[in-house]
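Below is one structure, written out as structure tokens, with a few remarks after it.
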Amino acid sequence: MISQWARFWVAVAAFAPALASADRYNLQTPQTPIAREIYDLHTLILLICCVIFVVVFGTMTYAIIKHRKAAGHKAEQFHENTTVEIVWTIIPFIILIGMAYPATKTVIQMKDTSSPDMTIKATGYQWKWGYDYLTGEGQGISFFSSLATPRELITDNSAEGHKKREAQAHYLLEVDNPVVVPVGKKIRIITTANDVIHSWWVPAFGVKQDAIPGFVRDTWFKVDKPGIYRGQCAELCGKEHGFMPIVVEAVEAGKYTQWVSEQNKKALTNVAAAGALDGKGVYDKVCVACHGTGAAGAPKFGDKAAWGPRIKQGQDTLYQHALKGIRAMPPKGGAPDLPDAQIKAAVDYLMAAGK
Amino acid sequence: MDAAHAHDHAHGHDDHAHHPSGLMRWITTTNHKDIGTLYLIFACTMFFVGGVLALGIRAELFQPGLQFWRPDFFNELTTMHGLIMVFGAIMPAFVGFANWQIPMMIGAPDMAFARMNNWSFWLLPPAATLLVASFFVPGGAPAAGWTIYAPLSTQMGPGMDLGIFALHIMGASSIMGSINIITTILNMRAPGMTMMKMPLFVWTWLITAYLLIAVMPVLAGAVTMVLTDRHFGTNFFNAAGGGDPVMFQHIFWFFGHPEVYIMILPAFGIISQVIPAFARKPLFGYSSMVYATASIAILSFIVWAHHMFTVGMPAAGQLFFMYATMLIAVPTGVKVFNWIATMWKGSMTFETPMLFACGFIFVFSMGGFTGLILAITPVDIQLQDTYYVVAHFHYVLVAGSLFAIFAGTYFWIPKWTGHMYDETLGKWHFWLSMIFFNVTFFPMHFLGLAGMPRRIPDYALQFADFNMVASIGAFGFGLSQLLFVIGVYKCIKGGEKAAQKPWEGADTLEWTLPSPPPYHSFETPPTVK
């Protein structure tokens, strides 16, 4: 008997480390104090639920085995007991209070966004994030962050396509411009949106905050150690909801200062460089989502039958359609940040392919 | 249908033989049994339509990459799967049970408003047609999730309008049905049947009907505001016009949370009939069960914002809704304990209804535990909008509501048709469903914990293996349901003749009627001691 129990507990103990950091079976390894509190809270409640499950369903299993007609058991006829009803109402109630107490403390801590070291605004767009560094070191930095995984990799279903996908380490979780923050500082994130409701979520931080158009919400985190942390939009926002990830790169204070000065230098050259992005570049980044697939009635790239009548309407008309939007197409194809000249270059590119 | 012909042959006295036969019979019927049958067949059909949509979803999610559908069509699949299963399968199935069982269980000849009953049913096929037709209009079916949050829902094409009209019509059907059920239960019980002597299934439907009347109009309000925002220049949910997108969520979930209890309370009622019958022992704690059901229903009105923990409400709001939600675990636990106490020291046999009932208790409770975990706000912040939530609600809705529907069908179909169902087929249906259900949905807990969001057609590589397992399970589960359809069809057509009381431990009034029962169940009311 004793050795049986010893073997059981050894098995549990061997399993436990797997449970502790098994990113496949449990919450991601926490990287902030709040994430750690959430992780521990979940472990506590899960264990309580497991114990209750074993007790209750152990009892039920016992009854199923022993109190069956085939085993010869005769049915008793008792059918009420007020004491027992009171006991099994009060005991769960007490267990719930035990869970609610630590949870309450964590809720209050999560809400306290006061005295941050810096503030970054995250704006949800259909379908990418825009970041504006509002206060603290890096103030004034502003950029968009879009999915970097190429569309062809997502839709390629040949054998090599599958292989290339498996080899892409951060498939669907990589962006062109990650959010860079210093470690150990309290970062306040303000969320809002441009169009529909999105949600800014980084599991390793224990942070999820809806981004609501016309409203401003906030949350905060403080990253323990340097690293790259990835999350996704967590509120259905249209067809590319699964394709607008979040990447946060936490770096040491010195590296952060370096990054800030690089960004400031880039901002000055950006204005000049804006013209460098050509029509094909804009098409590949912005237009392909609809014009590559024909979604929402978009005339497909290279479809001469669809483009013929449109080309006949004249270049200026097509420019206006692209800039102002037409039918299901939003103005500038949903990229309001792009200068008119680049949109026109993309239209030229599409027209040329449709001739 | 053969069930009806069996009625006529078994009771040669039938002086209503002049009621229409064939198609007109089914269109004009005011008979609670016929209408119950219509609801059940409608629900079964919609279940398979919704199931095919689910297989479309799981086919795409079998592997990373986009293999089959464009992302916008994928969103149509997830949305329509939800809408069809909730409004087309589960809710009508329970109304079908209500129609068949309530008059017989209270000793009444029929429902109070027999003609309105017909109208309640016949609203549904046109509503379902509108809803499914939305796939074929420009822009496709609604693709904003079954929760159709604004402002996304205000962006969608005409399919969303069709969906809104379908919801209005189905809501009207539910409200009329509920008025009927309440009036019948309060006014037409046999002499001697006090409220506290009613079968628990009748209690759960009485309470469910009040919930329906309270909240379906709220849903109607929410979707009408979406409609006017879309077409008539209002700005209820448009911040730029002075409105509030979050208000949609409040209004929707004020309906939505009682809605999920509407989908589970009748299931509790069915299980409360099946377990005592197969344990050959009275239901333990009858009054507690009634009070627990009523408590769950009342509490269901004050927990709605637990679906909204991430919208940015103040901490006081999060705490209130966390505490209120956790509280529901108490009466729910009381019910589970009472069912087990009913089984305790009984004399159980495990025919198919009892298998599904016991399976229900195991697997629904797992869903209840994940619900409790989700109730804890800080944990919910991590799990909201992930596959953990998908796992939770499929555990309570499939292993909960659907398994209870199966239990009730196998339990009562001998009464309805006069034939015993094929027990071997029933057992296969149970075990395959149980196994494939868990293969499909258990891994989703891990996916959610590991960080996979909901409503995405493609996913990062670390989620690949559990998605593959879930997809295999889903196809297995779907195929297993064919066994149910085959079994039910065989039973309607023929099979071993069913006794008046085929279940030794059953003791409610319907078992005092022949199998199948006469066209008008109790022409003279029985006296209940």
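The numbers here are math on the coordinates, done by the rules we state, and not lab data. Values in this document were obtained by computation on a predicted structure and should not be read as measured data. Neighbour counts are summed over all protein chains in view; Cβ atoms, including those assigned to glycine, are modelled from backbone coordinates with ideal geometry.
Taking beta carbons within 10 Å but only from partner chains, what does the mean come to for residues B:131-144? Please list the in-between numbers first.
On the way: counts 0, 0, 0, 0, 0, 0, 0, 4, 3, 1, 0, 0, 3, 4.
Per residue, the number of nearby Cβ atoms from other chains is 1 on average.
Treating the angle as unsigned and between 0 and 90°, give the value, to the nearest 10°, between the Cα long axis of helix A:315-324 and the longest Cα principal axis of chain A.
30
Once phi is turned into θ = phi - 60°, what whole-Hz ³J(HN,Hα) does the Karplus curve with 6.51, -1.76 and 1.60 give for every residue of region B:246-259, x standing for Gly and Pro?
Calculated HN-Hα couplings, in order: 6, 4, 4, 4, 4, 5, 4, 6, 4, 6, x, 6, x, 4 Hz.
Could you pull the Rg and Dmax for region A:275-354, using just the Cα atoms, both in Å?
So, for region A:275-354, Rg and Dmax equal 11.2, 31 Å respectively.
Springs between alpha-carbon pairs under 10 angstrom, Gaussian network model over chain A: which of A:Asn177, A:Asn81, A:Asn264 fluctuates most?
In this elastic network of chain A, the residue with the biggest mean-square fluctuation among A:Asn177, A:Asn81, A:Asn264 is A:Asn81.
From other protein chains only, count the Cβ atoms within 10 Å of every residue's Cβ in A:236-249, then give the mean.
Rounded to a whole number, the mean comes out at 5.
Output the Kirkwood hydrodynamic radius of the protein assembly as shown, Cα pairs only, in Å rounded to one decimal.
Numbers: mean 1/r = 0.0341 Å⁻¹.
When all Cα pairs of the protein assembly as shown are included, the Kirkwood radius is 29.3 Å.
So if we plug the beta-carbon distance of B:Ala59 and A:Val84 into 1/(1 + (r/R0)^6) with R0 = 51 Å, what FRET efficiency do we get, rounded to 0.05?
With R0 = 51 Å, the Cβ-Cβ based efficiency is 0.55.
Which ³J(HN,Hα) values in Hz, rounded to whole numbers, follow from the phi angles of region B:208-217 under the Karplus curve 6.51 cos²θ - 1.76 cosθ + 1.60, where θ = phi - 60° and Gly and Pro get x?
Ordered by residue, 3J(HN,Hα) equals 4, 5, 4, 4, 4, 5, 6, 10, 4, x Hz.
Residues with amide H under 5 Å of B:Thr234's amide H, sequence separation 5 or more or different chain, H placed in the peptide plane at 1.01 Å from N; which?
Amide H neighbours of B:Thr234: B:Asp229.
Assuming a ≥ b ≥ c are the square roots of the Cα gyration tensor eigenvalues, decide whether region A:118-257 counts as rounded (a/c under 1.5), prolate (otherwise, with a/b larger than b/c) or oblate. Don't skip to the end; give the middle numbers.
Details: a/c = 2.21, a/b = 1.39, b/c = 1.59.
Oblate, since a/c reaches 1.5 and b/c is not below a/b.
Could you state the number of Å between the C-alpha centres of region A:318-355 and region B:66-103?
39
Determine the distance separating the Cα centre of region B:208-226 from the Cα centre of region A:107-135; give it in Å without decimals.
Each part's Cα centre sits 36 Å from the other's.
Can you list residues whose amide H is under 5 Å from B:Tyr459's amide H, if they're 5+ apart or on another chain and H is modeled 1.01 Å from N?
Amide H to amide H, under 5 Å and 5 or more residues apart or across chains, B:Tyr459 pairs with B:Gly65.
Give the peptides A:200-210, B:223-233, B:249-259 in descending order of average Cβ contacts within 10 Å, highest first.
Values: A:200-210: 26.3, B:223-233: 17.1, B:249-259: 21.5.
The peptides rank, most packed first, as A:200-210, B:249-259, B:223-233.
Each residue of region B:133-150 in order: what ³J(HN,Hα) in whole Hz does its phi give by Karplus 6.51 cos²θ - 1.76 cosθ + 1.60, θ = phi - 60°, with x for Gly and Pro?
Running phi through 6.51 cos²θ - 1.76 cosθ + 1.60 with θ = phi - 60° gives 4, 4, 4, 9, 8, x, x, x, 5, x, 9, 10, x, 5, 8, 5, 4, 7 Hz.
Among the listed pairs B:Lys345/B:Lys501; A:Lys121/A:Lys222; A:Lys300/A:Lys355; A:Lys312/A:Lys355; A:Lys105/A:Lys186; A:Lys163/A:Lys300, give every one whose C-alpha distance is greater than 21 Å. Write down the numbers at each step before the final one.
Details: B:Lys345/B:Lys501 23 Å; A:Lys121/A:Lys222 16 Å; A:Lys300/A:Lys355 12 Å; A:Lys312/A:Lys355 10 Å; A:Lys105/A:Lys186 19 Å; A:Lys163/A:Lys300 28 Å.
Flagged as over cut-off: B:Lys345/B:Lys501; A:Lys163/A:Lys300.
Please compute the Cα-Cα pair-distance distribution of chain A with 20 Å bins starting at 0, giving whole percents from short to long.
Spelled out bin by bin, chain A gives 22, 43, 24, 10, 1 percent.
Out of residues 5 or more away from A:Asp218 or on other chains, whose amide H comes under 5 Å of its own, with H placed 1.01 Å from N in the peptide plane?
A:Thr191
Set Lys and Arg Cβ to +1 and Asp and Glu Cβ to -1, take the dipole of the protein assembly as shown about its Cα centre, and tell me which of B:Ile27, B:Phe113, B:Ala277 lies farthest positive.
So the residue furthest toward the plus end is B:Ala277.
Which one, A:Gly140, A:Gly231, A:Gly297, has the greatest fluctuation when you compute a Gaussian network model over chain A with C-alpha springs under 10 angstrom?
So, out of A:Gly140, A:Gly231, A:Gly297, the one fluctuating most is A:Gly297.
Can you check how the C-alpha radius of gyration of chain B compares to 2.2 N^0.38 Å, as a plain ratio?
Against the empirical 2.2 N^0.38 Å value, I get 0.95 for chain B.
Between A:Tyr283, A:Tyr101, A:Tyr39, which gets the highest mean-square fluctuation from a Gaussian network model of chain A, Cα cutoff 10 Å?
Of the options given, A:Tyr101 has the highest mean-square fluctuation.
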